[in-house]
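A.B. asks: Encoded as structure tokens, here's the structure I'll be asking about.
The values are calculated or read from the model by the stated rules, or taken from the named source; none is laboratory data. As the structure is a computational prediction, the values presented were derived from the model and not from experiment. Heads up, the Cβs are rebuilt from the backbone with ideal geometry, glycines too, and the neighbour counts pull from every protein chain shown.
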Amino acid sequence: MSASAAYENVIKGRIWDEEIEMFDAIDNGSVNTDINGDGVFDTKDCIIYYAYTNGFTYGDEYNEALEAIGDLDGDGQIYWSDAEHFIRYYMFTNPLKLSDFDAENYADYEIIYQSEHTDYCTHEVYVTDHSLVEGFLMQMNSDSCYLMAGYNMYCEYVDNGTLDPDLNADGKYDLTDLTYFWVYSMDREVFTINSPHETSMEELDQDIFDRAAALYDALPDSDSVGEWIYEFTNMYYYQHGNVTKDMITDEFFESVVKGSSELGLERMVRFDYFSVVSQNDPYIDFDGKMFDREYRAFVQAVKDGEKAIPDTNGDGILNSLDSFNIYIYTEELKNDITAENSILPDDIHSIFKNNMDVNDNGLSGDMNDLTIIDLYVCIEDKEVEEMDEICENFIDRLNDYAAQLAAAKNMPPVKFSPEGGYTPMLFDSDAERTGDSNNDGTTDLADAIFIMQSLANPDKYQLSPLGKFNADVDETGGGITSNDALTIQNRLLGLE
């Protein structure tokens, strides 16, 4: 299986490996795409080439351009698959329009042809009629669905009133609408059969519920937009709501729909957001186009002794600790955590920052590097038992490991989730606090005294980040006050 198969939510990851050279040749002008010579590359050129690869022609005027393209994929024959590559390139480089799927726009290119078929059982020969335009549009629809290329048409549907993502009817498309849409979708689509989650459907106003349902039901399933209605709607909110990653918080979702924070919306929306929205950061944005080749090249380089195994902690073996380090570094990268504030030991952080350019693109520890080494750690040369060792209770063990790392650096703990969530626990009101403000490993009267000293003379007595976390025992998550010292004293005296 292609290594990029696990990352097909990234559009560039949907380019087939054999298309890379083809698309590069078109990009550099080696392949002329303007077959009809009207000065533009559009779907009219695609249908002319589609007809050519199926044995039809629209006249000698196109022959020179068609013969120059000829066997696009170089497999020794001119076949409909060549046209599919051609169509896919168009979709990858041009926003699709609803008019591209209107059969009337191709009336001048219609060819009705017949084919003979023999019944398997009766051996009777029968003839069927076929429409070249209909076949072309079916191919267009299939490739559009696979490439997830219909977002521009989704926007057209909104503009012409077919779709209305303004679920609360306030004239805007923003995170508030997104919250309603996610709550509705989690019941309808995301969490379906035997889900352990209880959604907050009862919190949705009936009008909002109906508008959310209408989004799903407005288009047929066969429509290349309807196939991706969930993904495109989220993309529309991200774009038109000018969403940034700092806006995605459970506090916001809870303010819109009571109980939605219990569904883990922050984690899931953040994961979805990073999957589809470019961060314009070469370290964070994943490029799936070359991933399969990059991965296979790295594996071969390790086998040939040209590259070292991606050992993140320098212990000479690849196991779950390396996978934990990759997970932590990835989430810290997405959340703009600096080396100074990282829970990873300095030497491990330095390895990622300086020695993990495994795809040789000049960036060490970018998202492609991290994905390559994570995949390598988890599967290469692994027996089933070794893979199980990495995967079993992964998140629970990851959080235990992260707690140890944070404590070793005298930092507050963080919490990770399966969907890629990174949650600092400093302001988490539900996180358990020990009261150990001076970080000596025990909770006693000295901790209460140290809190009072830090409040009275903060220049001389400074609580460490971990100390602040542990000391915040009264109204946890609200910061350090004299009540925290009083609460610790009361606990020691057994009054709480």
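A.B. asks: Return a yes/no flag: does the range 266-285 have any residue that is in contact with a His (Cβ under 7 Å, 6 or more places away or on another chain), closer than 29 Å to Val183 by Cβ, of a type in the set (A, V, I, L, M, F, W, C) and in the same structural domain as Phe181 (by TED's automatic domain parsing).
C.D. replies: Taking every residue of the range 266-285 in turn, none turns out to be in contact with a His (Cβ under 7 Å, 6 or more places away or on another chain), closer than 29 Å to Val183 by Cβ, of a type in the set (A, V, I, L, M, F, W, C) and in the same structural domain as Phe181 (by TED's automatic domain parsing).
A.B. asks: Moving on. Go through the range 180-223 and report how many residues are of a type in the set (D, E, K, R), part of a helix (DSSP H, G or I) and at pLDDT below 85.
C.D. replies: Qualifying residue count for the region: 5.
A.B. asks: Next question. Go through the range 66-90 residue by residue and tally those that are small (Gly, Ala, Ser) and modelled with pLDDT of 95 or more.
C.D. replies: 1
A.B. asks: Next question, about the same structure. Among the residues of the range 357-371, are any among the charged types (D, E, K, R), in contact (Cβ under 8 Å) with a residue 24 or more places away in the chain and assigned to a helix (DSSP H, G or I)?
C.D. replies: No, that holds for no residue.
A.B. asks: Looking at (1) farther than 24 Å from Asp143 by Cβ; (2) surrounded by fewer than 19 Cβ atoms within 10 Å (Cβ to Cβ), which one does Asp287 not meet, given that it meets all the others?
C.D. replies: Condition (1) is where Asp287 drops out.
A.B. asks: Taking the range 397-416, which residues are in contact with a helix residue (DSSP H, G or I) (Cβ under 9 Å, 6 or more places away or on another chain), more than 20 Å from Glu266 (Cβ to Cβ) and in a helix (DSSP H, G or I)?
C.D. replies: Arg397, Tyr401, Leu405, Ala406, Ala407
A.B. asks: Moving on. Let me spell it out: the conditions are (1) under 15 Å from Asp42 (Cα atoms); (2) of a type in the set (Ser, Thr, Tyr); (3) surrounded by fewer than 16 Cβ atoms within 10 Å (Cβ to Cβ), and Tyr113 meets all of them except one. Which number is the exception?
C.D. replies: Of the numbered conditions (1) under 15 Å from Asp42 (Cα atoms); (2) of a type in the set (Ser, Thr, Tyr); (3) surrounded by fewer than 16 Cβ atoms within 10 Å (Cβ to Cβ), the odd one out for Tyr113 is (1).
A.B. asks: Failed condition for Ala308, given (1) at pLDDT 90 or above; (2) in contact with a helix residue (DSSP H, G or I) (Cβ under 8 Å, 6 or more places away or on another chain); (3) surrounded by 13 or more Cβ atoms within 10 Å (Cβ to Cβ), with all others met?
C.D. replies: Condition not satisfied by Ala308: (3).
A.B. asks: Then there's this: When you check Tyr295 against the structure, is it among the hydroxyl-bearing types (Ser, Thr, Tyr), modelled with pLDDT of 90 or more and either part of a helix (DSSP H, G or I) or touching a Lys or Arg at 6+ places or on another chain (Cβ under 7 Å) (or both), yes or no?
C.D. replies: Criteria met by Tyr295.
A.B. asks: Are there any pairs, at least 6 apart or on different chains, whose C-beta atoms fall under 6 Å, with the first in the range 225-251 and over 20 Å from Met186 (Cβ atoms) and the second outside any helix (DSSP H, G or I) and modelled with pLDDT under 95, and if so, which?
C.D. replies: Val225/Gly150; Val225/Leu219
A.B. asks: Within the range 483-490, identify whether any single residue is under 20 Å from Glu432 (Cα atoms), out of contact with any Cys (no Cβ under 8 Å at 6 or more places or on another chain) and at pLDDT below 80, and answer yes or no.
C.D. replies: No: the range 483-490 contains no residue that is under 20 Å from Glu432 (Cα atoms), out of contact with any Cys (no Cβ under 8 Å at 6 or more places or on another chain) and at pLDDT below 80.
A.B. asks: So which residues in the range 152-164 are hydroxyl-bearing (Ser, Thr, Tyr) and crowded, with 19+ Cβ neighbours inside 10 Å?
C.D. replies: If the condition is that a residue be hydroxyl-bearing (Ser, Thr, Tyr) and crowded, with 19+ Cβ neighbours inside 10 Å, then Tyr154, Tyr157 are the ones that fit.
A.B. asks: Go through the range 431-480 and count every residue that is small (Gly, Ala, Ser) and assigned to a helix (DSSP H, G or I).
C.D. replies: Count: 6.
A.B. asks: Looking at Leu167, is it surrounded by 17 or more Cβ atoms within 10 Å (Cβ to Cβ) and either assigned to a loop (DSSP other than H, G, I, E, B) or among the acidic types (Asp, Glu) (or both)?
C.D. replies: It is true that Leu167 is surrounded by 17 or more Cβ atoms within 10 Å (Cβ to Cβ) and either assigned to a loop (DSSP other than H, G, I, E, B) or among the acidic types (Asp, Glu) (or both).
A.B. asks: Going through Glu21, Glu110 one at a time, which residue ends up being in contact (Cβ under 8 Å) with a residue 12 or more places away in the chain and farther than 20 Å from Gly150 by Cα?
C.D. replies: None of the others qualify; the one that does is Glu110.
Here is a yes/no grid of residues against (1) at pLDDT 95 or above; (2) more than 24 Å from Leu398 (Cβ to Cβ); (3) among the small types (Gly, Ala, Ser); (4) surrounded by 14 or more Cβ atoms within 10 Å (Cβ to Cβ):
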{"site": "Ser255", "(1), (2), (3), (4)": "no, yes, yes, no"}
{"site": "Gly259", "(1), (2), (3), (4)": "no, yes, yes, yes"}
{"site": "Ser275", "(1), (2), (3), (4)": "no, no, yes, yes"}
{"site": "Thr330", "(1), (2), (3), (4)": "no, no, no, yes"}
{"site": "Lys334", "(1), (2), (3), (4)": "no, no, no, yes"}
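A.B. asks: Looking at this structure, is Ser350 small (Gly, Ala, Ser) and under 21 Å from Asn399 (Cβ atoms)?
C.D. replies: No, not satisfied.
A.B. asks: While we're on this one: Considering only the range 48-57, I want to know if a residue exists there that is assigned to a loop (DSSP other than H, G, I, E, B), within 17 Å of Gln139 (Cβ to Cβ) and either among the basic types (Lys, Arg) or at pLDDT 95 or above (or both).
C.D. replies: no
A.B. asks: Let me ask another. Within the range 437-482, track down each residue that is of a type in the set (Lys, Arg) and modelled with pLDDT under 85.
C.D. replies: Lys468
A.B. asks: Sort out which residues of the range 13-35 are surrounded by 17 or more Cβ atoms within 10 Å (Cβ to Cβ) and either part of a helix (DSSP H, G or I) or at pLDDT 90 or above (or both), and write them in order of number.
C.D. replies: Scanning the range 13-35 gives Gly13, Arg14, Glu19, Met22, Phe23, Ile26, Val31, Thr33, Ile35.
A.B. asks: So which residues in the range 323-348 are in a helix (DSSP H, G or I) and of a type in the set (D, E, K, R)?
C.D. replies: Glu331, Glu332, Lys334, Asp346, Asp347
A.B. asks: Also: Name the residue, out of Asp366, Asp315, Asp347, that is of a type in the set (Asp, Glu), farther than 22 Å from Ala407 by Cβ and either in contact with a strand residue (DSSP E or B) (Cβ under 6 Å, 6 or more places away or on another chain) or not assigned by TED's automatic domain parsing to the domain that holds Asp246 (or both).
C.D. replies: When all the criteria are applied, what remains is Asp366.
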